[in-house]
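Throughout, read-outs are computed from the coordinates displayed, never taken from laboratory work. Model, not experiment: these values are computed from the prediction. As a convention, Cβ positions derive from the backbone with ideal geometry for all residues, glycine included, and neighbour counts pool all protein chains shown.
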Amino acid sequence: MSVYYISLGCDCSVAYNMKQLGLANESLPFDWIRCKIENIIHILKDDFADFVNLDLIDVKPQNVNNFKSEVNGEVNGEVNSDASVTTSHYKLVHKKYKYIMPHEFVGDFIDYDIWHDKYLRRIERFRTILKNSNIQKIFVHLDTIPDNSVKISMPSTSINFELEKVIRIYSSGDVKFIKIIDLEVKENFTWQRDYLDWSKLL
């Protein structure tokens, strides 16, 4: 039985490190976005109904200093984690699902038709993988705890239960989950979270 690692956010670091370790080759809908787990659940329950609805998309400014020079590039409309592209001053923000896409602009330009079709392909790929009972699916989700939290508390277990319940509705065959907790330390933080030992976590 083949094994497929699938990122469920909360940000780009999960998919980036899975690809660095050779655990994932194709891009899926949650790979290159920032999205809280409750919004991932909302998207799944909605079956991606408004995921690429342009009427629900805002363009907002972003601070390019939050990114290193090596970011996820695009080759033929698909993400290539080995490529590099100029980080844009703009990001896409979904008004309903609350996701953020920080890597979609090339410079300060985006072709919405290419963006729309690219994510439709990723959504269909996601559905196909979930329905394939011959694939063992390992879903990976990262939760973060800011280092300046006055009170550190573990994420709600009910959210994890709800996520697993939704995934199993749409998925056939063997399903497993990996949850990673990262205490974000400002001094060494990078968007890749390369200070974590991903080979052991995954």
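Residues whose amide H lies under 5 Å from that of Asn132, counting only those 5 or more places away or on a different chain, are Ser172; hydrogens are built 1.01 Å from N in the peptide plane.
Going by neighbour counts of Cβ atoms within 10 Å, the residues His89, His141 line up, fewest first, as His89, His141.
Ranked by how many other Cβ atoms sit within 10 Å of their own Cβ, fewest first, the residues Thr144, Thr190 fall in the order Thr190, Thr144.
Eigenvalues of the alpha-carbon gyration tensor of the range 14-54, scaled by 5 and square-rooted, set the equivalent ellipsoid semi-axes at 23, 11, 9 angstrom, largest first.
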